[in-house]
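The values are calculated or read from the model by the stated rules, or taken from the named source; none is laboratory data. What you see is a predicted model; the values in this text were computed from it and never measured. Cβ sites come from the backbone with ideal geometry, for glycine too, and all protein chains shown count toward neighbours.
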Amino acid sequence: MDFAPDAGAPSYGMNSKASIKCTLVNGSSTIQEMISQPPLTFRDTADGVMIVNTAAGPLGGDRLELSVTVGDGATLNLGGVAAAIALPGASGTGRSESTIEIRLGQNSTLIWEPQPMILATGAHHKQMINIFADKASTFIYGDTYQFGRHLEDTGRIEQVVRIFIDGEESLIQSMDINPAEDWLEAFTLQGSRSFSSYMAYGVEISNDSEFTEFNLENGVYLYQRIGNYISPQLAVKV
């Protein structure tokens, strides 16, 4: 279910590839590789690695690729410093696209909590997330979307998440928020303009009363929230 290229749309946007690799060295998690390319720029901080948006967007026509690898026994905390804003590009540029590939080794841990993405009117963003996890790994990955800026209609977001545990596909989930449809009603957003979704494997969250929890089997849990953004608080390993 990979996204097909936007047929007929010339590539006027930005093509960006970034990657980060964390490994265990002498008992400590170490950033072995960190390759940034605007707008995907990494900063190593005391709180973990932060993604800094060093260019506007994603804009229509942009093609972004991000690779994250956490080696055996290593732990990576990955976050962001500010919200991103998906914006329409110039006429004829088509949609923007991003592909995120995450690979987790044995006994590795990834805690990834991106900052919200604001979907401005006229934007159309497609996002593919592939997570390849070892059975003994632990992760939480989430997204929050803000549907439009103040007093404006939302842009469009299409997302597909696939999770593989020990090489077997454990989950495939897709969503499409389309302003051309009755998106508030169709997605049961109850009039809200914000939606968060976190997928967890090997961890639980202590503030689960703030979220709707789904057991997706194979050890994968889904936590969703309609309304104001709240960060999940990690609890104990399942």
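Just to be sure I understand the filter: pairs with C-beta atoms under 8 Å, separated by 6 or more residues or on different chains, first member in the range 134-158 and on the phi < 0 side of the Ramachandran plot, second member among the aliphatic types (A, V, I, L, M) and part of a loop (DSSP other than H, G, I, E, B). Which pairs pass?
Filtered contacts from the range 134-158: Gln146/Ala83; Phe147/Leu189; Arg149/Ala120; Glu152/Ala120; Gly155/Ala120; Gly155/Ala123; Arg156/Ala123; Arg156/Ala180.
Within the bounds of the range 57-67, is there any residue that is acidic (Asp, Glu) and under 20 Å from Tyr145 (Cβ atoms)? Break it down stepwise before answering.
So the first thing to find is which residues in the range 57-67 are acidic (Asp, Glu), and the list is 62, 65.
Now drop any that are not under 20 Å from Tyr145 (Cβ atoms), which leaves 62.
Within the range 57-67 (the criterion being acidic (Asp, Glu) and under 20 Å from Tyr145 (Cβ atoms)), the answer is yes, since at least one residue qualifies.
Which of (1) within 29 Å of Gly61 (Cα to Cα); (2) in contact with a Gly (Cβ under 9 Å, 6 or more places away or on another chain); (3) of a type outside the set (Val, Ile, Thr) is the odd one out, the single condition Tyr141 does not satisfy?
Unmet for Tyr141, out of (1) within 29 Å of Gly61 (Cα to Cα); (2) in contact with a Gly (Cβ under 9 Å, 6 or more places away or on another chain); (3) of a type outside the set (Val, Ile, Thr): (2).
Inspect all residues belonging to the range 185-203 and state whether any of them is outside any strand (DSSP E or B), farther than 25 Å from Glu97 by Cα and modelled with pLDDT of 80 or more.
yes
For a quick check of your reading: which strands (runs of 3 or more DSSP E) sit entirely within the range 12-108 and have at least 3 residues that are free of Cβ contacts under 8 Å to residues at least 40 places away in the same chain and of a type outside the set (D, E, K, R)?
Working: elements: 15-25, 28-35, 40-45, 48-53, 63-70, 75-80, 84-86, 96-104.
Because the criterion is at least 3 residues that are free of Cβ contacts under 8 Å to residues at least 40 places away in the same chain and of a type outside the set (D, E, K, R), the strands (runs of 3 or more DSSP E) in the range 12-108 that meet it are 28-35, 40-45, 48-53, 75-80, 96-104.
For the range 204-238, give me each residue that is assigned to a strand (DSSP E or B) and among the β-branched types (Val, Ile, Thr).
Of the range 204-238, the ones assigned to a strand (DSSP E or B) are 204-205, 212-215, 220-226, 234-237.
The answer is Ile205, Thr212, Val220, Ile226, Val236.
Determine if the range 128-139 includes at least one residue that is of a type in the set (D, E, K, R), in contact with an Asp or Glu (Cβ under 9 Å, 6 or more places away or on another chain) and not in a strand (DSSP E or B). Talk me through it step by step, then tell me what you get.
If we filter the range 128-139 for residues that are of a type in the set (D, E, K, R), which is where we start, we get 134-135.
Those left that are additionally in contact with an Asp or Glu (Cβ under 9 Å, 6 or more places away or on another chain): 134-135.
Cutting the leftovers down to not in a strand (DSSP E or B) gives us 134-135.
Yes, the conditions are met somewhere in the range 128-139.
Out of all the residues in the range 152-160, is one or more over 30 Å from Gly73 (Cα atoms), at pLDDT below 90 and within 16 Å of the chain's Cα centre (by Cα)?
no
Looking only at residues in the range 76-101 that are closer than 9 Å to His125 by Cα and of a type in the set (Ser, Thr, Tyr), which one is surrounded by the fewest Cβ atoms within 10 Å (Cβ to Cβ)?
Ser98
Here is a list of conditions, (1) under 20 Å from Ser137 (Cα atoms); (2) at pLDDT below 85, and Gly219 meets all of them except one; can you say which number that is?
Among (1) under 20 Å from Ser137 (Cα atoms); (2) at pLDDT below 85, the lone unmet condition for Gly219 is (2).
What's the number of the condition Met175 fails, among (1) among the aliphatic types (A, V, I, L, M); (2) closer than 28 Å to Glu213 by Cα; (3) in a strand (DSSP E or B); (4) at pLDDT 90 or above?
Condition (4) is where Met175 drops out.
For (1) crowded, with 18+ Cβ neighbours inside 10 Å; (2) within 14 Å of Gly219 (Cα to Cα); (3) among the basic types (Lys, Arg); (4) touching a helix residue (DSSP H, G or I) at 6+ places or on another chain (Cβ under 8 Å), each residue gets a yes or a no:
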position: Lys126; (1), (2), (3), (4): yes, no, yes, no
position: Ile129; (1), (2), (3), (4): yes, no, no, no
position: Ser137; (1), (2), (3), (4): yes, yes, no, no
position: Thr154; (1), (2), (3), (4): yes, no, no, yes
